[in-house]
Structure formats: structure tokens, C-alpha cells
Amino acid sequence: MLTLEALRADVESGAIDTVIAAFTDMQGRLMGKRLHAEFFLDELDAGHEVEGCNYLLALEMEMDPVPGYALASWERGYGDFGLQPDLATLRRVPWHEATALVLCDVLWHDGSPVAPSPRQVLKAQVASAAAKPLAAIGKGANGVETLTVFEPFDRAWRRVGLALDRVGFTVEDRNRDKGVYYVRYADPESPQGRQKKGFFASLAFWRSNDRKVVAEQYRVVVKDAKDQSVVEVQDKNGAGVNSETARRIISLLEQQLK
């Protein structure tokens, strides 16, 4: 990455003479302008945007304008929009000598974002995902604490498996058809688990080498619930568990999946 101060120094020394101000088009390609580096810095200091033609967001692969776009068409005409550099993306590019690249947000001249531009679509999706949790703890019909994952079974099954690996549970077996992970878990709040064995050992309580701490077998079950999934902890015989241990397992998974 390249800071603005470093860019100024490189421009002054002649190490960089060109800045590519680019944005992503509807086909995922970089479009934009090649600017003289000194001109780019002057315009940036003056608070000016880089200008671009809105037909660049209404092209097909062969660079021909496509009818039907609301933002630009032969009927509406093709006008300009602004490219606002995101300086956090500023970097040197190895495939062009003495050249830097900066990605831009596409804005109308009133400062509002061009919503259909791919970068704005991605930003909207990220904001939407951040506004709502991906998992939440609740209770099942039998009173057993469960974890609802707001994703269909295929994704939830994979994410729960990754979460178990990250947390450090020993996954002894799995049955995707039944949605079951067979795991072992040594409860740190059991009488044996509460015995202090040193700082680092306490961080990995489920990996204890103390033979007095028995790592019990549990089933972590992922159930399909149409557009979402429900995770439940069962004992080794398949009965729902409503204990402190089960709640700790659910809590650990929730922290990884939320």
C-alpha cells in the first residue's frame, strides 16, 4: 500500500509519474483514467473529483453500449459522473513503470453514490450484513438451548464445522446426511477443569492432558429449517442436553458464527 505522503514524495522525486484512477464496471473490469501524477495531486488538494462518463457502467464485454440501463442509454443520453479516490486503496502497480493505482467510488455530481456501481453494491451488502447477526441463541420446543444460524443448511453445516475447528474441539466423526458432528469436550467448569494448571493450559482447556478431566462425547446437530438452520447439543445417545456444559458449547459456537 502507498500513503498519500509517500505518493507526494515519489512524485517529487520522479519515481511515480502516473496515477490510474479506476472503478469496477459491470463485468468486473477496471475502468477509469490515467492521470499525470502532479495533476492528480493538484485536483485532490483542490477537492475535485476525477470525471468519468456514465456509459462506462452500461457496456457489454465488447465495449458496446447496451440498451435498458436506467442510469445511461441512447434515449437518456450519456453524461458524466465523479470518481472519488479511496486513498486507502492507493498502491504502486508492478505491471506499469512509475505508476500508482487508486480505486474510486462512483458518485453523481451532487455527491450521492451511483447505487448500481459494483463497489456501491458491495458496500451496501457489507453494511446490511453488519446490521444483523448471522446467528442468535434461543430455546427449542423442548426447552433446550439452541443456536439459530440465519443461513440455509449447506452453508450452516460448513460454517459450524469450521467453527468447531477454530475453537479447538476434537471432531471424532461427522454425518452430513444427519447433520451431526461427533465431538469431545472437557468442561472447564467441572471440578477437575477448575483446577488451575497454568496460564497457557487454561487457554486450551479442551486439550487438557490431565487424565482426571474426562472429555465427554457430544453431538452437535445442525437441523435444516428452510432458509435458516438450528444447532443443538445432544449427548452421545442423541438426547437433547439442557446443562451448563451444553450452554457453554452453544455460546462458543455463537461467538464464532455471529
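Among (1) part of a helix (DSSP H, G or I); (2) surrounded by fewer than 19 Cβ atoms within 10 Å (Cβ to Cβ); (3) at pLDDT 95 or above, where does Val121 come up short?
(3)
Quick check: anything in the range 90-105 over 14 Å from Arg34 (Cβ atoms), in contact (Cβ under 8 Å) with a residue 12 or more places away in the chain and among the β-branched types (Val, Ile, Thr)?
Checked against the condition, which is being over 14 Å from Arg34 (Cβ atoms), in contact (Cβ under 8 Å) with a residue 12 or more places away in the chain and among the β-branched types (Val, Ile, Thr), the range 90-105 yields no hits at all.
For a quick check of your reading: which strands (runs of 3 or more DSSP E) sit entirely within the range 1-81 and have at least 1 residues that are surrounded by fewer than 17 Cβ atoms within 10 Å (Cβ to Cβ)?
The strands (runs of 3 or more DSSP E) meeting that bar are 30-36, 50-53.
Among the residues of the range 91-115, which ones are part of a loop (DSSP other than H, G, I, E, B), over 17 Å from Val50 (Cα atoms) and not aliphatic (A, V, I, L, M)?
Selection gives Pro94, Trp95, His96, Glu97.
Taking the stated definitions as given, is Trp157 closer than 30 Å to Ala129 by Cβ, modelled with pLDDT under 90, of a type outside the set (Asp, Glu) and assigned to a helix (DSSP H, G or I)?
For Trp157, the condition - closer than 30 Å to Ala129 by Cβ, modelled with pLDDT under 90, of a type outside the set (Asp, Glu) and assigned to a helix (DSSP H, G or I) - is not met.
Which one of these does Ala88 not meet: (1) part of a loop (DSSP other than H, G, I, E, B); (2) closer than 28 Å to Met1 by Cα?
Unmet condition: (1).
For the range 227-257, which positions are loosely packed, with under 13 Cβ neighbours inside 10 Å and either without any contact (Cβ under 8 Å) to a residue 12 or more places away in the chain or not assigned by TED's automatic domain parsing to the domain that holds Arg166 (or both)?
Asn237, Ala239, Gln255
Yes or no: the range 160-180 includes at least one residue that is under 19 Å from the mean Cα position of the chain (by Cα), part of a helix (DSSP H, G or I) and within 30 Å of Ala9 (Cα to Cα).
No, the range 160-180 has no match at all.
The values are calculated or read from the model by the stated rules, or taken from the named source; none is laboratory data. If you're wondering where the values come from, they're calculated on a predicted model, not measured in any experiment. For neighbour counting, all protein chains shown are included, and Cβ atoms are generated from backbone atoms with ideal geometry for every residue, glycine included.
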